[in-house]
Amino acid sequence: MHRLLLRCAAVLALAWTHTLASASGLQVSPVTLTLQPSQNADGLWLSNTGDTVVHAQVRVYHWAQENGTEKLTPSRDLLVSPPMVQLGMSERQLIRVIRSGAPAGPVEGSYRVIIDELPVEVKEKKGLQLVLRYSVPIFIAPTTQSPAPQLTWSLRREEGQAVLKVANSGGMHAQLADLEFVDTAGRRTPIWGSNGNASAPNPFVATMSIPPWTLFGGLGRVTGSTTMRGELIALQGAVPPGAYQDNFAGEHTSITLSTSTFGTPATCNTLLPGKFPFVVSATVAKSCLVTADPLNFGTVNGLPGQADRDQTSKINVTCTTPTPYTVALTPSNGSTTGAGTMTPTGGVPGNADAVPYRLYRNAARTAIWGSVTGTGGNVATGTGNGAAQALTLYGRVLGTSANVRPDSYRDVVTVSVTY
């Protein structure tokens, strides 16, 4: 069991191309954006990690894929501000992505924000100046529950090569993270680059030169090591916790070599199969993240007999799939029933008044939100799906509690997520 504590006030595929810019420091985050139906704007951060000033231009295109090709059409459905950026060393700039003429529809809308680094003339430097281009996918979520991605696959031969084609007829985008070949016996073989494979032509290569045999030195030998690196594919928040592994135990490596008696061979052309077994493993641990917006009751009329003052805020919980969790709320007075008290912030000297408030889980404000778990408890519960789940917090200040001195009142509530 794990617990996250958060204190809040009770008063909110990188898909990129580049042209080899080793000296440029232009960076973009996050890697993608999804605007919810009721969300009008979001933002991208541009940063300069290089040692020179960076100029960039930001443009928006409607994005479609037709007959296996990308189609980008200039669009005013989304606006970016500012469209032109100058970044000094170590500077950052927020680019607002604003929905203007792109109302949410029954299927997901797809756009791309293209960020081009602009060349800067430097007289004392000669040669090629290489700049970056980022292509960031932007999606507009549908107004209704849109069909999930519906993928169809076809394998055909074109110009003597086997070609795998994938089509998506669903209402949401899909990101392909891995491909495996499954033979008739059900064995799965990850598709790695290899010689003679036009679709994945780059094998893992380690080059070694073996010294020749000498009369007094014996056999030529060489030993060494090389590092094989791997990475987990991003955007896998829906993967359930547990241990995962892939076993490379079969014949999946080869050595290409040539020998010569009197000199260095001109080419390496002898292929020898070999085995180099290893296991790739990872453990996905249960985890949760929580954020909370302030609950602000605003300005309350201080006269007695006023109506109750109701306000809401959001608590966002992101947990791994399918992790059950509970969310408990504890005001600073330690109440287990969501009954807190706001105290003055010091604006009025000598003010010792207090404003009681209550926390609830439903709009009717009949279900208390406190910190009691188990049978008859009053905490919120849920099951993680890898995405942020917004829980609405309903607050109330009773009108009968408003007969206090005019001042600003505040309390701190501890949000405890147990999973």
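In a fully extended conformation the segment linking THR337 and LEU151 would gain 62.1 nm over its present Cα-Cα distance, using 0.36 nm per residue.
Each peptide in 406-418, 36-48 receives the mean, over its residues, of other Cβ atoms within 10 Å, and ordering these scores from highest gives 406-418, 36-48.
Considering only THR341, VAL372, PRO294, and ranking their Cα positions along the charge dipole of the range 288-418 that arises from unit charges at the beta-carbon of Lys, Arg, Asp and Glu, the one farthest toward the positive end is VAL372. With the highest mean first, a sort of the peptides 371-382, 107-118 on other beta-carbon atoms found within 10 angstrom per residue produces 107-118, 371-382. Packing-based ranking of 384-392, 327-335 yields 327-335, 384-392, ordered from highest to lowest mean Cβ neighbour count within 10 Å.
Applying a DSSP loop filter and a limit of 16 other Cβ atoms within 10 Å to the trypsin sites (Lys or Arg not before Pro) in the range 330-396 leaves ARG365.
The calculated FRET efficiency for the pair ARG365 and ASN40, based on their C-beta separation and a Förster distance of 30 Å, comes to about 0.55. The modelled label-to-label distance between ASP310 and SER287, using points 7 Å beyond Cα along the C-beta direction, is 3.8 nm. Between LEU398 and LEU94, the FRET efficiency estimated from the beta carbon spacing at R0 = 35 angstrom works out to 0.30.
Residues MET172, MET342, MET84, arranged from fewest to most other Cβ atoms within 10 angstrom of their Cβ, appear as MET84, MET172, MET342. Once the C-beta distance of ALA174 and VAL412 is scaled by a Förster radius of 45 Å, the resulting FRET efficiency is 0.55 to the nearest 0.05. Among CYS319, CYS288, a tally of other beta-carbon atoms within 10 Å of each Cβ gives an order, fewest to most, of CYS288, CYS319.
FYI, it's all coordinate maths here, none of it is from the lab. Computed from a prediction, not measured in an experiment: that's the story for all the values here. Heads up, the Cβs are rebuilt from the backbone with ideal geometry, glycines too, and the neighbour counts pull from every protein chain shown.
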